[in-house]
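*Asks:* Provided herewith is a single structure, encoded as structure tokens, for subsequent inquiry.
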Amino acid sequence: MDSVFDGNNAVAGGKLIYTLDYYNNSSSTVNDVKIKIFLPFEVVYLDSSLIQNSYDNNVLDFNIGNINGYEEGSIIIEVKVSPDVKKDSILAFGATLSYNDVNNKLHSIDNYNSITVNQGMNFMASLISNGQSILGSIWFWILLLILAFVMTWTYRKKLIAKPSANQTSF
């Protein structure tokens with residue numbers, strides 16, 4: 001098994017493509033092939049090129065079935081990196097492929113790959129992270145109203161202030 005990341009660019013709040021390639025490099029058919037893909041908790045699973053058998057706690061289970069000799073395949077996983085992941089964080093992905101050989105002996109192969117987050121969360125990403133906007137928060141609106149009141153009050157106070165020495169009065 002081999003795995004790669006599309007573009008080798010992980011950005012907080014951005015999408016990331018992880019591809020797992022699997023292959024049978026023998027002439028014999030292997031049976032009952034199952035693949036588990038372990039996603040880091042800093043990502044949210046969005047989609048995959050194959051329908052998974054199950055998905056729980058960031059673990060995807062795929063029942064591949066039989067793989068003929070010298071046959072290969074791929075699973076493409078699309079995830080979204082959490083918007084609050086900091087720059088230089090490492091996202092570690094893992095996969096285990098298990099199969100039965102022609103003698104019905106169980107084997108397993110592991111694959112691990114990681115990618116570094118190149119860009120942390122920026123201000124705009126923090127405002128609209130995961131489809132939740134700060135604009136939807138009641139605390140934001142309360143703070144905005146208080147700020148508007150204070151600014152209006154300060155401005156009005158300056159307008160009503162005593163005339164300066166170089167102003168004449170009638």
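*Asks:* Is the range 64-81 home to any residue that is in contact (Cβ under 8 Å) with a residue 60 or more places away in the chain, in a loop (DSSP other than H, G, I, E, B) and assigned by TED's automatic domain parsing to the domain that holds I37?
*Replies:* We begin by selecting, within the range 64-81, every residue in contact (Cβ under 8 Å) with a residue 60 or more places away in the chain; these are 77-81.
Okay, now just the ones that are also in a loop (DSSP other than H, G, I, E, B), so none.
No, every residue in the range 64-81 fails to be in contact (Cβ under 8 Å) with a residue 60 or more places away in the chain, in a loop (DSSP other than H, G, I, E, B) and assigned by TED's automatic domain parsing to the domain that holds I37.
*Asks:* Got a number for residues in the range 57-92 being among the acidic types (D, E) and more than 27 Å from Y23 (Cβ to Cβ)?
*Replies:* Going through the range 57-92 one residue at a time, the tally reaches 2.
*Asks:* Right, another one. Looking at this structure, is S133 touching a Pro at 6+ places or on another chain (Cβ under 6 Å), of a type in the set (G, A, S), at pLDDT below 70 and surrounded by 10 or more Cβ atoms within 10 Å (Cβ to Cβ)? Write out each step before concluding.
*Replies:* On the way: touching a Pro at 6+ places or on another chain (Cβ under 6 Å): no; of a type in the set (G, A, S): yes; at pLDDT below 70: yes; surrounded by 10 or more Cβ atoms within 10 Å (Cβ to Cβ): yes.
Answer is no for this residue.
*Asks:* Further question: Could you check how many residues of the range 1-48 are part of a loop (DSSP other than H, G, I, E, B), out of contact with any Leu (no Cβ under 6 Å at 6 or more places or on another chain) and under 30 Å from V102 (Cα atoms)? Lay out the reasoning, then the answer.
*Replies:* Keep residues of the range 1-48 that are part of a loop (DSSP other than H, G, I, E, B), which gives 1, 9, 12-14, 24-29, 39-42.
When the remaining residues are screened for being out of contact with any Leu (no Cβ under 6 Å at 6 or more places or on another chain), the result is 9, 12-14, 24-29, 39, 41.
Filter once more, keeping what is under 30 Å from V102 (Cα atoms): 24-29.
Residues that pass the stated criteria total 6.
*Asks:* Then there is this: Got at least one residue in the range 92-109 being over 16 Å from the mean Cα position of the chain (by Cα), in a strand (DSSP E or B), at pLDDT 95 or above and of a type in the set (K, R)?
*Replies:* In the first step, residues of the range 92-109 are kept if they are over 16 Å from the mean Cα position of the chain (by Cα); the result is 95-109.
In the following step, the residues that additionally are in a strand (DSSP E or B) were identified as 95-100, 106-109.
From what's left, at pLDDT 95 or above: 95-100, 106-109.
With of a type in the set (K, R) added as a condition, the list becomes none.
No - not one qualifying residue is present in the range 92-109.
*Asks:* Testing Y55 on (1) at pLDDT 95 or above; (2) farther than 26 Å from Q119 by Cβ, one condition comes back false. Which one is that?
*Replies:* (1)
The values are calculated or read from the model by the stated rules, or taken from the named source; none is laboratory data. No experiment lies behind these values; they were computed from the predicted model shown. Neighbour counts are summed over all protein chains in view; Cβ atoms, including those assigned to glycine, are modelled from backbone coordinates with ideal geometry.
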